[in-house]
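Everything below concerns the one structure shown next.
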Amino acid sequence: MDISVVVPLYNEEESLPELTTWIAKVMAEHNFTYEILFVDDGSTDSSWSIIEQLKEKFDSVRGIKFRRNYGKSAALNVAFEAAVGDVVITMDADLQDSPDEIPELYRRIKEEKYDLVSGWKKKRYDPITKTIPTKLFNAATRKMSGIQLNDFNCGLKAYRNDVVKTIEVYGEMHRYIPVIAKWAGFKKIGEQVVEHRARKYGVTKFGFSRFVNGFLDLLSIFFVGKFGKRPMHFFGSLGVLSFLLGTFMALWMIGEKLYHIAAGIPYKREITDQPLFYIALVAIIVGSQLFLTGFVAELVTRNAPERNQYLIEKEIN
Ligand code: UDP
Ligand code: MG
């Protein structure tokens, strides 16, 4: 099969028939063999029964329904496991992404051998309260990941099949799939300007919390990616540094006092009267805490079942 179109959806009943007809039209024009894989993320409207009706009309429709709402990442992850097409294309259900982009995305994966091609909503039809924070986000993610993409969280993306079988999307990490792919060793990541349209039906499913959560996820994805397998290198080095700094300050103060006493120079101040004493104290305590955190984290990773799972690309026997 050429293409799996993956559509995560949550309460998008009005959009589904139009979206399906449109995808089917594009596929027929280009003679692609395909499936449309709807993942109903626990919708409370009639989305699922519409998918059932669509199945009667379009043989290529497949559907998975969650018992409750787990989030877009969960929906994508389940679809990635189920998709069978050579190229997997994800798109939002709300008609903000255009199925007309599919043939070109497919061509770039197949012919230009990209691992992942991400859409870029260069001209967006979203409220300004969303576009400005999004710009900041993309700049931060670009800087931290070194991936030169303008729009990390575009719903419209294309993948080679083995990429989606390898990566795992959880929590709300769908915002950082290119970063996850890069950590997994898929480096050929491209971008394609895509048409973006205003939401036609329904409402957005993410509120302001998307920015708070997105930022925290950005931090954890980089931390886990960099130190997830060796937490002691992070906590340990900071901890030892802080501990040594504190110890040095304490020794300095003691040494200074002893020197004054030995040399018979009057030394009026008590050690506990000096601000430096408290700084040293805090540094020693924080340092040992960090070290212990690293030690515990190290024990946790040692017990992780995937501690020795590596992604092997090629082998000669
Ligand atoms: N979505 C989902 N589960 C959720 C939230 C959203 O499957 O918990 C789907 C939603 O139905 C849509 C896509 O994810 O197909 C993108 O959501 P939305 O259009 O609300 O996001 P926005 O375009 O505002 O970023
Ligand atoms: Mg949308």
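Remarks
- Near pairs, Cβ below 6 angstrom, 6+ apart or cross-chain, from the range 154-168 (at pLDDT 95 or above) to any residue that is open to solvent by 50 Å² or more (accessible area, probe 1.4 Å): N161/D86
Results for (1) assigned to a helix (DSSP H, G or I); (2) open to solvent by 50 Å² or more (accessible area, probe 1.4 Å); (3) farther than 16 Å from V179 by Cα; (4) within 16 Å of ligand 1 (Cβ to nearest atom), shown as yes or no for each residue.
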| site | (1), (2), (3), (4) |
| --- | --- |
| F222 | yes, no, no, no |
| K229 | no, yes, yes, no |
| S237 | yes, yes, yes, no |
| V240 | yes, yes, yes, no |
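So that you can scan it fast, the table gives a plain yes or no per residue for (1) within 22 Å of V6 (Cβ to Cβ); (2) open to solvent by less than 60 Å² (accessible area, probe 1.4 Å); (3) within 16 Å of ligand 1 (Cβ to nearest atom):
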| residue | (1), (2), (3) |
| --- | --- |
| S118 | yes, yes, yes |
| K121 | yes, yes, yes |
| A139 | no, yes, no |
| R142 | no, no, no |
| Q148 | no, no, no |
| F152 | yes, yes, yes |
| G155 | yes, yes, yes |
| R160 | yes, no, no |
| V163 | yes, yes, no |
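- Output for the range 248-261, where each listed residue is under 25 Å from T293 (Cβ atoms) and open to solvent by less than 40 Å² (accessible area, probe 1.4 Å): M249, A250
- Qualifying residue in the range 298-317 (condition: outside any loop (DSSP other than H, G, I, E, B) and small (G, A, S)): no
- Residues of the range 108-159 satisfying the condition of being outside any loop (DSSP other than H, G, I, E, B), more than 15 Å from K188 (Cβ to Cβ) and of a type in the set (S, T, Y): T129, T131, T134, T141
- Enumeration of residues in the range 65-92 that are open to solvent by 60 Å² or more (accessible area, probe 1.4 Å), within 11 Å of ligand 1 (Cβ to nearest atom) and under 15 Å from E12 (Cβ atoms): N69
- Residue match in the range 39-50 (condition: open to solvent by less than 10 Å² (accessible area, probe 1.4 Å), of a type in the set (D, E), under 14 Å from G155 (Cα atoms) and in a strand (DSSP E or B)): no
- Among the numbered conditions (1) touching a strand residue (DSSP E or B) at 6+ places or on another chain (Cβ under 6 Å); (2) within 16 Å of ligand 2 (Cβ to nearest atom), the only one that A83 does not meet is (2).
- Per the conditions (1) under 19 Å from L105 (Cα atoms); (2) buried (at least 24 other Cβ atoms within 10 Å of the Cβ); (3) of a type outside the set (D, E), the sole criterion not satisfied by A28 is (2).
The values are calculated or read from the model by the stated rules, or taken from the named source; none is laboratory data. The structure displayed is predicted, hence computed values, not measured ones. Ideal geometry is used to build each Cβ from the backbone, glycine not excepted, and the neighbour counts take in all protein chains shown. Ligands, DNA and RNA are stripped out before the accessible areas are found, and what is left, the full protein with its side chains, is counted by its heavy atoms. Shrake-Rupley method; radii C 1.70, N 1.55, O 1.52, S 1.80 Å.
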